[in-house]
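Here's the structure, in structure tokens; my notes come after.
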Amino acid sequence: MSESIKVSPLKKISGELAVPGDKSISHRAAILAGLSDGSCSVQNFLPSEDCVNTLRAMGQLGVKYEVKKGTEDRPIDLVIHGCHGKLRAPEKELDCGNSGTGMRLLAGVLAAQEFDSVLIGDESLSGRPMGRIIKPLAEMGAQFETKGKKPGCAPLHITGGTLNPITYEMPMASAQVKSAILLAGMFAPDKTTVIQPAINRDHTERMLNSFGVKVSTEENTISVYGGQKVRSRDLVVPGDVSSAAFWIVAAACVPGSRLLVTNVGLNPTRTALLDVLIRMGAHIKDHVQHEDGGEPRGSIEIIGRQLKGTEIKPCEVPNLIDEVPILAVAGALAEGTMTIRNAAELRVKETDRIETTVENLRLMGGEISEFEDGMVIQGGQALKGATLDSFGDHRIAMAFAIAGLFAKEGSTTIKNTECVATSYPTFTEHLKEICNR
Ligand code: S3P
């Protein structure tokens, strides 16, 4: 039977919370530690289905690892024994589950291997566009065949081999595409360059540098020289600010709330949500306390206030792309209008997040207009409890669980919430804790 989350209205939220490890950084840690030239201790790995699938794929490619804390299915602290850049052919398909990041980053690495491989995913991932990575990786010399029901979609058959370096101007501000090219570029001779249309998450660049692979970034041009050794190192993964976002919005929107999120990633290419909430009138202060593998981490203090709507700037969109569903909820709880445009990328996430956010907000009584590239939300409407679907999308499930907490009347049920385990396996426990404080 499928899982569901039921929430009843809550007056405010308070206390302290640490969220699990960062999803983007955990994928990259599994891949780079796996390619490195020694053993790497990786602490606070995100024990979610998405990241475990990437770790298992690296295992099928010959990388050995030991779980030091957590379980085989839910590893938290690991030692990953790098394969010195020498992966072996997998015996069967590599299953990326629900994860676009896993599939696209692994494709970058596999494009450069002297063996064939096949990447598969669940129904949602099998409907997501892979042409965006196939185009540059094929230009580098790898061969791809997509065998999905939809053209250009997984299963993705890769015939890897010797690659040429390229200079590639990315049509969209995608960290996954950028990362696939940079990872492939590590195996090509000379210099591979990606030009991005706007700044987006830079974890790959930071982690490559911290593993000894020099990557240069000049404004929107990022280059890597092939043939560099991936040096083993230990690292601690910060908490995922995209998971923290649900609690940050919950606390920021409701006067009287007070929350401290600890040990969370504060990479500036991920924290545009904080800037937007501050512009909406929130009291938010972040403090960087550590830096590990080039990734700052620390705490975020939030005091709730009545917020006002705002317009999201085009340059902010890539740096809060995963936070749009919860930001739309913030817009509904704020006064005035919230405008989110230039965000057509949302249509090719785990679900079409413009459609799924609009549908659920309307079912709760929200007033929201849909556009091809975004949405406009009229705030100040009393939300009412409703029965909603996650549509199999983890961020939709969690965003609307939070919306349900602040409905003016009635409880809210979100159906099909197993998907939450792809990014935040302890979400329902944290929700219970917060509601019982
Ligand atoms: C991610 C990049 C983003 C984001 C995804 C994780 C990554 O996707 O939505 O959840 O780890 O590189 P795009 O790069 O396709 O925008």
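Each reported figure results from applying straightforward, stated rules to the coordinates on display, with no laboratory input. Predicted model, so just to flag it, every value in this text is computed and none were measured. Cβ atoms come from the backbone with ideal geometry, glycine included; neighbour counts cover every protein chain shown.
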Exercise for the section: Starting from the Cα gyration tensor of the chain, take the square roots of the eigenvalues, sort them a ≥ b ≥ c, and report rounded, prolate or oblate (rounded when a/c is under 1.5, otherwise prolate if a/b is larger than b/c, else oblate). Expected result: prolate
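For a footprinting-style exposure proxy, rank 153, 419, 51, 315 by other Cβ within 10 Å, fewest first.
Working: 153 18, 419 24, 51 30, 315 12.
Listed from fewest to most nearby Cβ atoms, that is 315, 153, 419, 51.
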Problem - Under 30 Å between alpha carbons - lysine pairs in the range 110-232 that sit 8 or more apart or on different chains - result: 16
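What full-extension length gain, to one decimal in nm, is calculated for residue 73 and residue 362 as 0.36 nm per residue of separation minus the Cα-Cα distance?
100.3 nm
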Handout entry: Cα centroid of the range 15-74 to Cα centroid of the range 258-327, whole Å
Key = 25 Å
Handout entry: Cα point-scatterer Debye curve for the range 23-222, base-10 log of I(q)/I(0) at q = 0.08, 0.11, 0.12 Å⁻¹
Key = -0.23, -0.44, -0.53
Problem - Largest-first principal axis extents, alpha carbons of the range 1-59, Å - result: 52, 33, 14
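Where both residues lie in the chain, what percent of DSSP beta bridges are antiparallel, nearest 5?
On the way: 56 of 75 bridges.
Roughly 75 percent of the beta bridges in the chain run antiparallel, per DSSP.
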Handout entry: Within the range 49-103, trypsin sites (Lys or Arg not before Pro) in DSSP loop having at most 13 other beta-carbon neighbours inside 10 Å
Key = 86, 88, 92
Completion exercise
Taking r as the C-beta separation of residue 195 and residue 313 and R0 as 35 Å, the FRET efficiency to the nearest 0.05 is 0.95
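In nm, what is the difference between 0.36 nm times the number of residues separating residue 291 and residue 258 and their Cα-Cα distance? Can you show the working numbers first?
Details: separation 33, 0.36 × 33 = 11.88 nm, distance 2.57 nm.
Length gained between residue 291 and residue 258: 9.3 nm.
Classify the range 312-437: rounded, prolate or oblate, from the alpha-carbon gyration tensor (a ≥ b ≥ c, eigenvalue square roots; a/c under 1.5 rounded; otherwise prolate if a/b is larger than b/c)?
Details: a/c = 1.69, a/b = 1.23, b/c = 1.38.
In terms of gyration-tensor shape, oblate.
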Exercise for the section: May I ask you to list the GluC sites (Glu not before Pro) in the range 343-415 that are in a DSSP loop and have at most 16 other Cβ atoms within 10 Å of their Cβ? Expected result: 372
Problem - Cα-based reach from residue 6 at 23 Å (exclusive), listing lysines while leaving out same-chain residues under 8 positions away - result: 384, 408, 415, 432
Handout entry: Cβ-defined net charge surrounding residue 303, 12 Å radius [Lys, Arg +1; Asp, Glu -1]
Key = +3
